[in-house]
1. Using amide H atoms built 1.01 Å from N in the peptide plane, name the residues 5+ places from residue A:46, or on other chains, whose amide H lies under 5 Å from its own.
2. Can you tell me, using C-alpha contacts under 8 Å and at least 6 residues apart, the relative contact order of the range A:77-192 as a whole percent?
3. Using a 10 Å cut-off around each Cβ of peptide A:63-71, what is the average number of partner chain Cβ atoms that fall inside?
4. Report, ordered by chain and residue number, the lysines lying within cross-link reach of residue A:14, taken as a straight Cα distance under 23 Å and ignoring same-chain residues fewer than 8 apart.
5. Taking N as the number of residues in the protein assembly as shown, what value does Rg over Cα atoms divided by 2.2 N^0.38 Å take?
6. Just in the range A:113-214: which GluC sites (Glu not before Pro) are loop by DSSP and have at most 13 other Cβ atoms within 10 Å?
7. For the range A:137-213, what is the relative contact order in percent, using Cα pairs closer than 8 Å and at least 6 residues apart in sequence?
8. Residue by residue, what Karplus-based ³J(HN,Hα) values in Hz, rounded to whole numbers, does the range A:62-69 have, using 6.51, -1.76 and 1.60 with θ = phi - 60° and x for Gly and Pro?
Amino acid sequence: MKFPYGEKVLENFKNPKNVGKIEDADGKAIVGSPACGDMVAVYLKIDPKDHRITDIKFESYGCASNIATGSIITELAKGKTIDEAKQISWKDASDALGGLPKIKAHCSVLAVEGLREAITNYEEKHGLVTEKRPTTEEEVKRRLKNVMNPLTGLDVIRGNLITSVKVEEGTVTIWVDLPENHIFAANIQEEIKERIETLWDVKKVELHFNPSTA
Amino acid sequence: MPRIVYMDNAASTRLDERVLDAMKPYFFDSYAVATSEFGHSMGIEAKETLADARSRLAGLLKVNAEEVLLTSGDTESSNLALKGVALLMGEKKGKHIVTSRIEDFPVLNSAKAMERMGYNVTFLPVDREGILDLGELERAITKETILVSIQHANQEIGTVQDVGAIGKICHEKGTLFHVDATHTFRRLDFDLGKMPIDLMTFSAHTIHGPKGVGGLFVRKGTPLGKWMDGGFQEFNLRAGLENIPGAVGFAKAAELVTSEENERLASIRDKLIARLLSEVPETTLNGHRDKRIPQNANITFHYVEGESITLHLDMRGIEVSTGSACFSRSLEASHVIMGIGGNHERAHGSIRYSLGRFNSMEEVDIVVGAMKEVISRLREISPLRKEEKT
């Protein structure tokens, strides 16, 4: 039989390591690919003393390369300090998997982004971000570009799901063009909050859904 | 190596040995070009063989042999239909073509190529099950419309259009009608001679015939320009050496499809659909429940991605296809699933099972068993909708 991937990719796809969720994660992120609609979630447990990754898990709504990269990246990151883990590149992941098809770069790079975002999430939550710029609407929108709508395969900014953003005295208000009972509303809401709440000067995130699109 | 369960027959089929047996003499014993009636004897034999294959195909379609052109496949047939009509009618009548959003690539991309050549193309929407709205069609046809091209059945979701009613509207409004019947030829029983259809694409590779052989029915009197220039073959409408073993194989393959076989495929399809929908949670059937070709099932398994499904199945010896963006070379989600009002998520987890002669009822058990295992495994990995997973 002739499969479209090498043995290491297939092995990590068939039996992915470190799959699942960490309920009380110290850092976490969900990232998505606007090119094909794949999504990856990364969860971290970090030792506060030396900022070493003691546990890492991932979840994937994606293709074979995406799952295999999620598996290998978690293996590579486990036991490393967050500064070391931040250095892990797509090339490191691809090399560890014995090479990935070029056309699949964007689905596999996602896991790498997921890891970096989860580390950023940890750093922000634990006051490790040294550069403290006030949060702007632009910064909020930039972050929301990583929130995917699985229905369109686009992020919520490009997919015009965010109608308006307001930042005022520590409160970020976001208007979402979705009904509250929409099938992915809970996913999207959770993700938006996670990405914005960690900003150092944000005290509250308020989401407004659009009842008229129901 | 596990036993192979091949359910990708819409992409192409395994050749039937009886087809190969019928073709063989025309590779080794009688291999001349079909000549004029004044040629040498082997050439005359080739000419008669070609005429015989053509008339057998015409007989099955209930049309005249002179109305059947042989081509290199359904892609060429549909290109010839669209561009050939345009060649004669574009200047004379107008530059408007009507088709649907869910056509297969030969029609869809021919229409898009014609847009670039200055034609105006209307891509009609379909409903949530893939059915064309006849009222919309009627409104779309103008005095400038030279051709309406609508598939008989869809390549991905298997939905069958009412081509009789569509043709009637086209003829009432004075426009020609082309049908892409790649997935219905010999699988649905219909009397083409009596149908209001001017041109029809059909193919050998979907019915266990040879690859690279197709046909275009051209009703007598239909204006069709020649765009493949060269010799005078195929009633001077399509130049190029005739594929005589291909033509013989095509006729044989067409004759081997029986209504009993189609009923058998429909019962395998029905069992597959019923079991997958009831035994795997969170699924959606794509396409129409009843207006569906006997050999197609298409189901979305929510919260998981199609390429991951097909690779897991492949490792278990099961060959199917998916409408996921990750599976396509262009990284675009299926235009058919999007066209029936589906979204990216629905295309992402859609799986097409297309049946053929060599599939059996017991393979349904193998496939359903594998699907349950693969889907639950992938859902365990998926970050979407944890609470509803089973």
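1. A:26, A:54
2. 15 percent.
3. 4
4. The qualifying lysines are A:2, A:57, A:78, A:91, A:102, A:104, B:372, B:386, B:389.
5. 1.12
6. Those satisfying the criteria are A:131, A:169.
7. 30
8. Karplus values, whole Hz, x for Gly and Pro: x, 7, 4, 5, 5, 5, 4, 5.
Laboratory data are not the source of any read-out in this text; all were calculated from the coordinates shown. Everything numeric in this text was worked out from a predicted model, so none of it was measured. Note that we place each Cβ from the backbone using ideal geometry, even for glycine, and neighbour counts take in every protein chain shown.
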